[in-house]
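Visitor: I have a structure here, written as structure tokens, and I will follow up with some questions on it.
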Amino acid sequence: MTTYSRRPGRTERLVLPGVLTVEEAAETVAGIAAVQREDGAIPWFRGHHLDPWDHVEAAMALDAAGEHGRAEAAYRWLAEHQNADGSWYAAYADGAAEEVTDRGRETNFTAYVAVGVWHHYLATGDDAFLDRMWPVVYAAMEFVLGLQQPGGQIGWKREPDGRAVPEALLTGCSSIYQALRCALAIAEHREEPQPDWELAVGLLGHAIRHHPERFLDKSRYSMDWYYPVLAGALTGEAAKRRIEADWDRFVVPGLGVRCVVPNPWVTGGESCELALALWVMGESDRAVEILRWIGHLRADNGMYWTGYVFADQAVWPEEQTSWTAGALLLAVAALGGDEATMAVFGGEGLPTGLEPDCCG
């Protein structure tokens, strides 16, 4: 792994007034780089675990900062440690592939590789990379779709003993919806049609938009509120209605976004993701405001505390996660016009699949 270099040109695209200066962006990128292991793995922080979803999120942030070699190393780690069934385990101690701490295989964790791979390709134009990663993406999607239910929703995971958990999570399925669309974009680019995936993403999108009863009730969590918008399943007026309906329930003016109600706890990751969802809706001003609010979570080293319990005026937990910093950089990149980041989150150029004949 090469040493991170704070060259001026690397982070000038990540400048956002009131959120990040070029120097602050460089500090944050350096913080993520410092967490990354020599083998490419990016745990939450050194000594904590790696999960595949947050690993990809951090890798995407590195790509947005121009650290393409580091991002490619992160995807190489996934390619080298993919399970035979196309999945990854839910947690690895400090990113050590031989030290699995959770042998569950979660569908949304597995699917997210497609978003990262397509983002890296759009950022670099590296066809050789896409050729190497296509079998990885294909196997991951096949694992995920093996848990799709007749109603379109996708079961949460396979247990360590192989038993499928058919219950579906709205946040996880929304993330999978975005990932399937990116996987289809890769397939189209390679001229390798995947009609089964087109049917699957159409069914999944329909379930997210029209059948809330097909998902476990996690409505206390802000992610279930904004993720259908962030992932592109809800757009236009439907997206705006959803965000406005629960704005006052989840948003704490001046501080950020609650993780879960009624807990007096705002979190950086959820705040950055809401900002991305607002950008997707075309509401950049509100997105920037949210990102300015969470400046209070920025640590002296350029990383971000996971959350803040405002009732106690205390940072909690006392950890600075690579994925919180990654979410912040990706939100700034989208607002700043980074083309690859805009493409995977804006979604205008991503395939939408085939909508089922349902519900009249």
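The values are calculated or read from the model by the stated rules, or taken from the named source; none is laboratory data. A quick note: this is a predicted structure, and the numbers were derived from the prediction, not measured. Positions of Cβ are backbone-derived with ideal geometry, glycine not excepted, and every protein chain shown enters the neighbour counts.
Visitor: Residues in segment 305-326: is at least one in contact with a helix residue (DSSP H, G or I) (Cβ under 8 Å, 6 or more places away or on another chain), of a type in the set (D, E, K, R) and touching a residue at least 60 places away in the same chain (Cβ under 8 Å)?
Guide: no
Residues checked against (1) under 30 Å from A123 (Cβ atoms); (2) acidic (D, E); (3) in contact with a His (Cβ under 6 Å, 6 or more places away or on another chain):
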{"position": "I186", "(1), (2), (3)": "yes, no, no"}
{"position": "E191", "(1), (2), (3)": "yes, yes, no"}
{"position": "E198", "(1), (2), (3)": "yes, yes, no"}
{"position": "V201", "(1), (2), (3)": "yes, no, no"}
{"position": "E213", "(1), (2), (3)": "no, yes, no"}
{"position": "K218", "(1), (2), (3)": "no, no, no"}
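Visitor: Check A74, A114, A97 and return the single one that is touching a helix residue (DSSP H, G or I) at 6+ places or on another chain (Cβ under 8 Å), of a type in the set (A, V, I, L, M, F, W, C) and either surrounded by fewer than 16 Cβ atoms within 10 Å (Cβ to Cβ) or assigned to a loop (DSSP other than H, G, I, E, B) (or both).
Guide: Among A74, A114, A97, only A97 is touching a helix residue (DSSP H, G or I) at 6+ places or on another chain (Cβ under 8 Å), of a type in the set (A, V, I, L, M, F, W, C) and either surrounded by fewer than 16 Cβ atoms within 10 Å (Cβ to Cβ) or assigned to a loop (DSSP other than H, G, I, E, B) (or both).
Visitor: To continue, here is another question. Looking at G256, is it crowded, with 22+ Cβ neighbours inside 10 Å, within 20 Å of L330 (Cα to Cα), in contact (Cβ under 8 Å) with a residue 60 or more places away in the chain and touching a Gly at 6+ places or on another chain (Cβ under 8 Å)?
Guide: It is false that G256 is crowded, with 22+ Cβ neighbours inside 10 Å, within 20 Å of L330 (Cα to Cα), in contact (Cβ under 8 Å) with a residue 60 or more places away in the chain and touching a Gly at 6+ places or on another chain (Cβ under 8 Å).
Visitor: Checking R37 against (1) touching a strand residue (DSSP E or B) at 6+ places or on another chain (Cβ under 6 Å); (2) farther than 21 Å from L328 by Cβ, which single condition isn't satisfied?
Guide: The failed condition is (1).
Residue by residue, here is whether (1) part of a helix (DSSP H, G or I); (2) hydrophobic (A, V, I, L, M, F, W, C); (3) crowded, with 21+ Cβ neighbours inside 10 Å holds:
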| site | (1), (2), (3) |
| --- | --- |
| R249 | yes, no, no |
| N263 | no, no, no |
| D285 | yes, no, no |
| E289 | yes, no, no |
| R292 | yes, no, no |
| N301 | no, no, no |
| G337 | no, no, no |
| F345 | yes, yes, yes |
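Visitor: Give segment 211-232 a look and list any residue that's in a helix (DSSP H, G or I) and under 20 Å from the mean Cα position of the chain (by Cα), or say none.
Guide: S222, M223, D224, W225, Y226, Y227, P228, V229, L230
Visitor: Additional query: Working only within segment 157-178, note down all residues that are without any contact (Cβ under 8 Å) to a residue 60 or more places away in the chain and of a type outside the set (S, T, N, Q).
Guide: E159, P160, D161, G162, R163, A164, V165, P166, E167, A168, L170, Y177
Visitor: Condition first: outside any loop (DSSP other than H, G, I, E, B) and modelled with pLDDT of 95 or more. Now tell me which residues in segment 1-21 satisfy that.
Guide: Those that are outside any loop (DSSP other than H, G, I, E, B) and modelled with pLDDT of 95 or more: L14, L16, L20.
Visitor: Now for a different question. Tell me which of these T352 doesn't satisfy, since it passes every other one: (1) assigned to a loop (DSSP other than H, G, I, E, B); (2) touching a His at 6+ places or on another chain (Cβ under 9 Å); (3) of a type in the set (V, I, T).
Guide: Status for T352: all satisfied but (2).
Visitor: If you take the residues of segment 306-335 that are surrounded by fewer than 13 Cβ atoms within 10 Å (Cβ to Cβ) and of a type in the set (D, E), which of them is farthest from V56 (Cα to Cα)?
Guide: Among residues in segment 306-335 that are surrounded by fewer than 13 Cβ atoms within 10 Å (Cβ to Cβ) and of a type in the set (D, E), the one farthest from V56 (Cα to Cα) is D312.
Visitor: Moving on. Kindly check whether there is at least one residue in segment 229-238 that is among the hydroxyl-bearing types (S, T, Y), surrounded by 13 or more Cβ atoms within 10 Å (Cβ to Cβ) and touching a Leu at 6+ places or on another chain (Cβ under 7 Å).
Guide: So far as segment 229-238 goes, no, none of its residues is among the hydroxyl-bearing types (S, T, Y), surrounded by 13 or more Cβ atoms within 10 Å (Cβ to Cβ) and touching a Leu at 6+ places or on another chain (Cβ under 7 Å).
Visitor: Shifting gears a bit: Name every residue in segment 157-169 that is within 23 Å of the chain's Cα centre (by Cα) and either surrounded by fewer than 20 Cβ atoms within 10 Å (Cβ to Cβ) or not in a loop (DSSP other than H, G, I, E, B) (or both), in order of residue number.
Guide: K157, R158, E159, V165, P166, E167 - these are the residues of segment 157-169 that are within 23 Å of the chain's Cα centre (by Cα) and either surrounded by fewer than 20 Cβ atoms within 10 Å (Cβ to Cβ) or not in a loop (DSSP other than H, G, I, E, B) (or both).
Visitor: For segment 32-64, name all the residues that are among the small types (G, A, S), crowded, with 23+ Cβ neighbours inside 10 Å and not in a loop (DSSP other than H, G, I, E, B).
Guide: A58, A59, A61, A64
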